[in-house]
Amino acid sequence: MTDLTPAGAAALDAVDPLAGFREAFVHDDADPDLIYLDGNSLGRLPMASVALAEDVLRRQWGQRLIRSWNDGWFEVPRLIGDRIAELVGAKPGELVLADATSVVLYKAAVAALKVRPGRTRILTDDLNFPSDVQVLRAAAQAAGPDHEVVILESDGLHGPVDGLSEALGADRGADVALVSLSHVAYGPGWCWDLATTTRAAHEAGALMLWDLCHSVGVVPTDLGAADVDLAVGCTYKYLNGGPGSPAFLYVNADRTDLQNPVRGWYGSDDPMGFGFDAGPAAGASRFLTGTPPILSTVLVEPGVDLILEAGIDRLRAKSVALTERFVALVDLHLAPLGFGVQSPRDPARRGSHVSLRHDAAQAVSQALVNEARVITDSRPPDLIRFGFAPLYIGFADVDEAVRRTAEVVESGGIDRWRGVQPVVP
């Protein structure tokens with residue numbers, strides 16, 4: 001990458017094979033200068049979702065009423081789950097849309113602990129999402145007072161690869177029941193080697209549970225090839241399923257010993273039989289519990305279809321190119337203004353967002369949103385996250401975001417927004 005000028009960005013956009021996907025999303029005509037770099041928190045709205053939402057409300061619910069359950073509603077969590085399965089190397093029936101991410105994570109963790117009696121430790125790291133750690137602690141508490149969550153320390157940038165290897169070693173690994181990590185860390189964007197890490201957990205006799213929230217749709221993932229036991233992930237980031245859209249749960253087909261700790265009618269083998277003694281459904285469907293939120297569940301499919309159409313390898317290639325360009329421009333233009341790259345420099349170990357470190361991160365983020373028409377987010381104490389969703393972000397967006405960041409800081413934007421505390425930073 002030698003041409004870091006706007007002309008270089010324009011040349012890259014001109015030959016971008018994914019450029020046309022930008023028009024598949026809703027853009028605010030009243031705010032054409034907005035640069036949206038927060039798709040790692042909430043993806044844009046697909047155009048197809050607008051038409052689908054109207055159909056679901058007016059025809060499926062408004063006209064068909066309860067008959068829509070027989071028109072396809074009943075199978076929606078499984079059918080869309082099979083579509084997501086294509087993205088992550090899973091087989092049909094191994095993945096379903098279910099509850100919120102924290103709920104499916106809890107189900108998966110408790111199920112894993114139950115098949116590892118006598119083992120009392122869950123391993124995770126300090127780069128994991130705080131909610132995941134809270135859920136894992138709740139699962140450990142449910143398993144018994146002797147269970148604990150061990151949080152491995154990182155350097156704040158890279159995952160504790162050596163620390164995990166040591167914790168799984170012969171003298172310590174015998175007590176480990178489960179390893180649970182975020183494939184891509186929500187803060188620095190560190191990306192674990194999924195296959196190697198899973199193998200290490202298995203060699204120690206532990207199960208492996210991955211959180212794919214920040215990787216699904218932008219990082220090639222093959223759960224089957226890696227022999228992953230369990231995985232969860234949200235659908236409202238790079239899959240563009242909408243705010244609060246349901247998460248998915250993957251269960252390896254060979255792990256028939258894993259059972260849903262929160263049983264319910266929808267996950268039974270005879271849901272319409274209304275029997276007290278119904279058994280579990282086949283595949284990952286046994287981890288379903290109650291009636292799915294149809295309105296939000298059906299709206300997951302258009303975003304997934306766009307990812308599949310674009311192709312995960314092309315998406316990853318563009319993601320790497322976008323983030324590499326951003327890092328180079330930050331070094332050139334923003335480092336002299338007090339910014340530092342707080343994401344791995346190696347793109348193979350980085351997801352599709354780049355975090356910058358700045359002493360006034362929240363003020364900078366607020367100045368960008370409110371004055372510079374650049375939407376990012378901040379995470380305490382000093383991170384600003386820039387997310388690059390390759391379906392709708394171009395190379396000119398990268399250049400312009402860096403230019404506006406420098407401009408808002410140099411013009412005193414930090415002082416104007418220092419101390420402002422939004423509900424969602």
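The values are calculated or read from the model by the stated rules, or taken from the named source; none is laboratory data. This is a predicted model, so every value here is computed, not measured. Note that we place each Cβ from the backbone using ideal geometry, even for glycine, and neighbour counts take in every protein chain shown.
General observations
- Residues located in the range 69-105, provided they are free of Cβ contacts under 8 Å to residues at least 40 places away in the same chain, more than 30 Å from Leu315 (Cα to Cα) and in a helix (DSSP H, G or I): Trp69, Phe74
- Some residue of the range 247-257 being crowded, with 24+ Cβ neighbours inside 10 Å, of a type in the set (Gly, Ala, Ser) and touching a Lys or Arg at 6+ places or on another chain (Cβ under 9 Å): no
- Cβ-Cβ under 8 Å pairs, at least 6 apart or on other chains, the range 320-336 side hydroxyl-bearing (Ser, Thr, Tyr), far side surrounded by fewer than 21 Cβ atoms within 10 Å (Cβ to Cβ): Thr323/Pro347
- Matching residues, the range 394-416, being touching a Lys or Arg at 6+ places or on another chain (Cβ under 9 Å) and either surrounded by fewer than 18 Cβ atoms within 10 Å (Cβ to Cβ) or more than 23 Å from Leu42 (Cβ to Cβ) (or both): Asp399
- Any hit, the range 342-349, residues being surrounded by fewer than 21 Cβ atoms within 10 Å (Cβ to Cβ), free of Cβ contacts under 8 Å to residues at least 60 places away in the same chain and part of a helix (DSSP H, G or I): yes
- Criterion: under 29 Å from Ser343 (Cα atoms), in the same structural domain as Leu223 (by TED's automatic domain parsing) and either part of a strand (DSSP E or B) or over 17 Å from the mean Cα position of the chain (by Cα) (or both) - qualifying residue of Asp171, Asp146, Asp162, Asp132: Asp162
- The range 129-163 - residue that is among the polar types (S, T, N, Q) and closer than 26 Å to Asp99 by Cβ and, of those, surrounded by the fewest Cβ atoms within 10 Å (Cβ to Cβ): Gln141
- Answer from Leu391, Leu368, Leu356 - the residue that is assigned to a loop (DSSP other than H, G, I, E, B) and surrounded by 22 or more Cβ atoms within 10 Å (Cβ to Cβ): Leu391
- Some residue of the range 64-87 being under 26 Å from the mean Cα position of the chain (by Cα) and more than 24 Å from Asp269 (Cβ to Cβ): yes
- In summary, Lys114 fulfils each of the numbered conditions (1) more than 25 Å from Ser245 (Cβ to Cβ); (2) of a type outside the set (Asp, Glu); (3) buried (at least 17 other Cβ atoms within 10 Å of the Cβ) with the single exception of condition (3).
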